[in-house]
């Protein structure tokens, strides 16, 4: 497939936003249980939610550039019974609304319910937002995983990787954010960021190994229904390009694909982890920020590779211009 | 339940592209809007088509067959492009099984094209909506046309009659009989899409020459014990001295 920048930005940016929100909520839950000491600063949650919302909103905005008729985008909520894309379009704004309410609740101090003492309003909104956060990961992943003839995507690993990459990048951002606002939480976030980054490494490696061993189910034989071992296309039926020759192939060489793969394998996993640990040991917040930025750029490459690697069976019909 | 479809006889298709141009002409002139063309005579032409004729070579020289292969939307009975559409613009008609796009609802997200293994949906890059074969839905029910012309434009255009049109769910229809009698098949059966359009396979054209075609068994000259001379293989001057 030809990777679209708008979709690459959408999936990576909302992943960061989701991961950052999940990190904030995890702090509140762990604090409530008494496992860690919560942030001293009152601005921690509202400001964190605002940052998460910026990522989500920019991602949502980027997605509009993918549409031919963005003014009709409201129609996309119609087919939630069958379409994962429709479900994502519903869940994303709902999640953003809950993140907004969660941040607002912390800002306005809804932590104590006026009637039922001890009932924390933000904890409830946060639980709802967490559910939507998980659903959003599911929807985003399933948009690709549900297409059965795109065999590179048609695996539960697709959903798992979206979850792990989003969480890892959100936690990296949370670590850098905590260094500025709540230094006591830096180690907590950093530990989780390392954990999720390593989990993402396992998930992505599993996908790479799986996809390297894939056997395409479609062939020229099934495409035109002629059972002969040797079939070659003489003409695709037109001499120029078309939507079909542009949309479904990345147009890059194998060497380029390999270099993108190694770029993201380095930029998403070892380099940010090294920067993170160096930042922790040296006490340098700038290194923590660099860890997030490097990982995010790596994720752009990862997402590009994810789209480009999918080999659409329709390409069997469009191989030769003459 | 009706399921309208095309049945394409690969044995007959000569690859003339008349169906392609006829389709383009009809569908770019209709009320549903034009089909874009950019640089049609320039260096890098591109455009929207509902129908393509492709050519494949099967076998190894000198034992090759050239297969001309027309391809348009197959109007799958279980179309994977329909459930993925977030707006409901892509739909399959209950009454005749035609898969259509509502151009007023389509947002141009291209997800349906990703979900079609056959590559028969093409986005119109000027109208920014997904377009595809409609089986000439604006022709086949048009009562102002003579009944014989209520067929898709591609079927009307085919000079070799390689394209048949009809209801494949009606066992008495011409297309159903063509599928049954000639081993009509579907494309990429591995994905379970159950395409309505069928293809009739190539069969080898052979001239069968039997012995009695060369030598008359009821030759009046050929009486028992008195075979004509000279023998059949020997050279002769005229028909009489032969057999």
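Quick note: the coordinates plus some simple rules give every number you see, no bench work behind them. If you're wondering where the values come from, they're calculated on a predicted model, not measured in any experiment. All Cβ positions, glycine included, derive from the backbone under ideal geometry; neighbour counts span all protein chains shown.
Does segment B:4-200 classify as rounded, prolate or oblate by the C-alpha gyration tensor (a ≥ b ≥ c root eigenvalues; a/c under 1.5 gives rounded; else a/b over b/c gives prolate, otherwise oblate)? Could the numbers behind the result be given before it?
On the way: a/c = 1.33, a/b = 1.18, b/c = 1.13.
Here segment B:4-200 falls in the rounded category.
To the nearest 500 deg cm²/dmol, what mean residue ellipticity at 222 nm is calculated for the protein assembly as shown from DSSP H runs of n ≥ 4 alone, each contributing -39,500 (n - 2.57), summed and divided by the residues? Intermediate values should be presented prior to the final figure.
Details: 17 runs with 253 residues, N = 565.
The helix contribution divided over the protein assembly as shown gives -14500 deg cm²/dmol.
Between segment A:1-60 and segment A:174-224, what is the separation of their alpha carbon centroids in Å?
Measuring centre to centre over Cα atoms gives 17 Å.
What does the highest-first list of B:193-199, B:16-22 look like by mean Cβ count within 10 Å?
Packing proxy ranking, top to bottom: B:193-199, B:16-22.
Going by a ≥ b ≥ c, the root eigenvalues of the Cα gyration tensor, does segment B:113-181 fall in the rounded group (a/c under 1.5), the prolate group (a/b larger than b/c) or the oblate group?
Details: a/c = 2.26, a/b = 1.44, b/c = 1.57.
Judged from the Cα gyration tensor, segment B:113-181 comes out oblate (a/c at least 1.5, b/c at or above a/b).
Given Cα pairs under 8 Å that are at least 6 residues apart, what percent is the relative contact order of segment A:5-317?
Relative CO of segment A:5-317 lands at 20 percent.
When a footprinting reagent is the concern and you count Cβ atoms within 10 Å, what order do A:13, A:157 take, fewest first?
Least crowded to most crowded, the residues run A:157, A:13.
Below 8 Å, C-alpha to C-alpha, sequence gap of six or more: please give me the relative contact order for segment B:1-87 in percent.
It rounds to 26 percent for segment B:1-87.
Roughly what angle does helix A:156-181 make with the longest principal axis of chain A, taking Cα atoms, 0 to 90 degrees, to the nearest 10?
The answer is roughly 40 degrees.
Give me A:171, A:138 sorted ascending by neighbouring Cβ count inside 10 Å, so fewest comes first. The partial results should precede the final answer.
Details: A:171 29, A:138 18.
So the residues, fewest neighbours to most, are A:138, A:171.
Hey, how many Å between the Cα centroid of segment A:299-316 and the Cα centroid of segment B:72-117?
23 Å
So how tilted is helix B:18-28 from the main axis of chain B? Cα-based, degrees 0 to 90, rounded to 10.
20 degrees
Compare the peptides A:299-306, B:180-187, B:117-124 by average per-residue count of other Cβ atoms within 10 angstrom and give them in order, highest first.
In decreasing order of mean packing, A:299-306, B:180-187, B:117-124 become B:117-124, A:299-306, B:180-187.
Going by Cα centres, segment B:163-196 and segment B:1-58 are how many Å apart?
First find each Cα centre; the distance between them is then 20 Å.
Using only Cα atoms and rounding to the nearest 10 degrees, what angle (0 to 90) does helix A:84-108 make with the longest principal axis of chain A?
Tilt of helix A:84-108: around 20 degrees.
What shape does chain A have by the C-alpha gyration tensor, where a ≥ b ≥ c are the square roots of the eigenvalues, rounded means a/c under 1.5, and otherwise prolate means a/b greater than b/c and oblate the rest?
Taking the square roots of the gyration eigenvalues as a ≥ b ≥ c, chain A is prolate.
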